[in-house]
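Novice: Supplied in structure tokens, the structure appears directly below.
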Amino acid sequence: MVCNTPSSVTPQPFEAPAPYLVFRRWDQVPAAETPQLAIFFATPDVLAGLFTLANYDGRDPHGVIAPMGSGCASIISYPYAEGQSAQPRCVLGMFDVSARPCVPRDVLAFTVPLHRLARMTSNMDESFLVTKSWETVRERL
């Protein structure tokens, strides 16, 4: 699989790390496999939580990016390139008009390189997730 992305993020065309890219639901990932990315298809309230948690432990307020690109670029190419960096960012996507019919109207994608997700989850117990504000938002989910 080859998917071109702008040179500002990926200096060369995306080269798949294996002959096939396998997508599985998180609860169906075999213990012997280590995913490279976690893709969340989420509504605005869930995105708000993911966005805030992604930026919780960083000094740079740009821990989440929304680069222009196709649907596959936003859930595969850009996040995979971010996963190769020392300070990986999360990618908000599925804005591509040709990809929008493939998801519900109130859903976007939020893709996280796995080692970034590990940092995010390690912060959960001391983050906004234990506040009254999040409790109010969570009740709407």
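What follows draws every value from the coordinates through simple rules; no lab data is involved. Model, not experiment: these values are computed from the prediction. Glycine gets a Cβ as well: all are built from the backbone with ideal geometry, and neighbour counts include every protein chain shown.
Novice: Viscosity 1.567 mPa s, temperature 4 °C: Stokes-Einstein D of region 33-83 from its Kirkwood Cα radius, in µm² per second?
Specialist: After rounding, the answer is 106 µm²/s.
Novice: Over region 3-130, what relative contact order in percent results from Cα pairs under 8 Å that are six or more residues apart?
Specialist: Rounded, it is 30 percent for region 3-130.
Novice: Order of 121-134, 49-62 by packing, highest average Cβ count within 10 Å first?
Specialist: On the way: 121-134: 11.9, 49-62: 14.7.
Highest to lowest by the protection proxy: 49-62, 121-134.
Novice: Another one. For region 108-141 and region 13-87, write down the distance between their C-alpha centroids in whole Å.
Specialist: If you average the Cα positions of each part, the centres end up 15 Å apart.
Novice: Something else now. Tell me the Kirkwood hydrodynamic radius of region 63-141 in angstroms, computed as one over the mean inverse distance between distinct C-alpha pairs.
Specialist: 14.0 Å
Novice: With +1 assigned to the C-beta of every Lys and Arg and -1 to the C-beta of every Asp and Glu, and no other charges, what is the dipole magnitude of the chain about the Cα centre in debye, to the nearest 20?
Specialist: Approximately 160 debye in magnitude.
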